[in-house]
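Presented below is the structure to which this report refers.
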Amino acid sequence: MVGLKKEIRIGMVGYKFMGKAHSHAYRDAPFFFKLGLNPVRQAICGRNEEGVREAAEQYGWNSYETDWRELIARDDIDLIDIVTPNNNHAEIAIAAAEAGKHVFCEKPLAMTLEESKRMLEAVEKNNVMHMVNYNYRFSPAVQYAKKLIDEGRIGKIFHIRANYLQDWIMNPDFPLVWRLEKSVSGSGSHGDLAAHLIDLARFLVGEFDEVSGILETFIKKRPAVEDSSGLSGVASTTDFKKVEVDDASIFLAKFKNGALGTFEATRFAGGNRNANKFEINGEKGSIKWNAENLNELDVYFASDEEGLQGFRKINCTEEPHPYANAYWPAAHIIGYEHTFINLIVELMKGLEQGESTSPNFVDGYINQAIMEAVEKSSENKTWEKIDKYIE
């Protein structure tokens, strides 16, 4: 074959929402980018044989398994990709690392800080590469925001205000799908949505110093779920269960560089389908971004002449914008799925170079520490220092 490349054979555990996104990214990354390593969709794994067989056929996987332990034991697998509910992350990742497999894991990294620490220790002890799927980092607009900040274009940062707003569980009759079940998810909007905000803030602004927050559950009981797919489910008409996760997470933050932050994550913001957004204010300018318009970056520079000052909208689809030149001509926009492609590109580069590309399990562990500090703050009504959670 022309241009034959070394292969990285992927074994993926899980096959629904994120499984579809990851599968697509593995397929398209070598189409758009010149990679030194070729990701091969070797085997996909799920407990429901009919479901995982259909997924293997639709998503282009070479084979399937119904037991993740058998998947890890295979000699033809180099990397384990974990797209399961959160309660499976630690066990699978640790077993994969001990088997000498590289590990790519969905966010949040774990159910608890203790679990995330064991996962980090396992990949480091066994000298395997690792990465966490905080895909929003890899929007060209966010990457360009990072470039502007690193170049000093907005100067010293004073504020970040970040919100992740959804509304898909506002109906009290919506069932208790796994994302609303503490034993499976670990937390509600806090781990599902605020984790993304924390990662973006660390990426763009810097390390957190201390936090003060509040978590709230608005609907205390929900129908049990009889069947689920993606974010939806079929509700029981007779069985109701207590909701033990948060519906909303709001917290304040102080950063080690002196910046201040306000963060809100909720699935009760009517009219907001997936509004993951931030505004960063510095001494020389400001930057705004919203995932619902992920190609666009709003930028303000105080150095503009009077009368022309204000936010300018940049369509981040041109050659100077990170990743953009691999896709289409200017203003031919890309979508949500391309953030995963861009992340897989970096994963492949890291594997080729023998480095764990950020965000990796170190980032996942720190993210977990910040989330846990917010939870303790909500319980104790105190400011919590992040350093005391990180060993």
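GNM on the chain, alpha-carbon springs under 10 angstrom: the most fluctuating residue among N272, N62, N135 is N62. Per atom type, the chain shows carbon and sulfur on 47% of its accessible surface, probed at 1.4 Å. Largest accessible area first, the listed residues T84, T238 line up as T238, T84 when surface is computed with a 1.4 Å probe on the assembled protein chains.
For R41, the accessible area of its heavy atoms, probed at 1.4 Å with every protein chain present, is near 50 square angstrom. Taking Cα centre as origin and charging only the Cβ of basic (Lys, Arg, +1) and acidic (Asp, Glu, -1) residues, the dipole magnitude of the chain rounds to 340 debye.
For F203, the accessible area of its heavy atoms, probed at 1.4 Å with every protein chain present, is near 30 square angstrom. Below 20 Å, Cα to Cα, which lysines can K20 reach? Residues fewer than 8 away in the same chain don't count. Within reach: K107.
If you sort D78, D246 by accessible surface, 1.4 Å probe, largest first, the order is D78, D246.
When you filter the GluC sites (Glu not before Pro) in the stretch 69-111 for DSSP loop state and at most 10 other Cβ atoms inside 10 Å of their Cβ, nothing is left. Taking all protein chains together and rolling a 1.4 Å probe, L215 ends up with roughly 40 Å² accessible.
Leaving ligands, DNA and RNA out of it, rank E318, E379 by accessible area with a 1.4 Å probe, largest first. Intermediate results must be reported in sequence, preceding the final value.
Values: E318 90, E379 120 Å².
Result, largest first: E379, E318.
Per residue, the accessible area of the chain comes to 44 Å² when a 1.4 Å probe rolls over the protein heavy atoms.
With the convex hull drawn over the C-alpha atoms of the stretch 1-146, the volume per residue is 127 Å³. Rounded to two decimals, what is Rg over Rh for the stretch 165-219 when you use alpha-carbon atoms and the Kirkwood radius? Reported Rg/Rh, Kirkwood definition of Rh: 1.04.
The smallest convex shape that holds all Cα atoms of the chain, its convex hull, gives 147 Å³ per residue.
The values are calculated or read from the model by the stated rules, or taken from the named source; none is laboratory data. Bear in mind the structure is a predicted one, so any value in this text is a computation, not a measurement. Glycine also receives a Cβ, built like all others from the backbone with ideal geometry; neighbour counts cover every protein chain displayed. When the accessible area is computed, the model is the full protein with side chains, heavy atoms only, and any ligands, DNA or RNA have been set aside. Shrake-Rupley method; radii C 1.70, N 1.55, O 1.52, S 1.80 Å.
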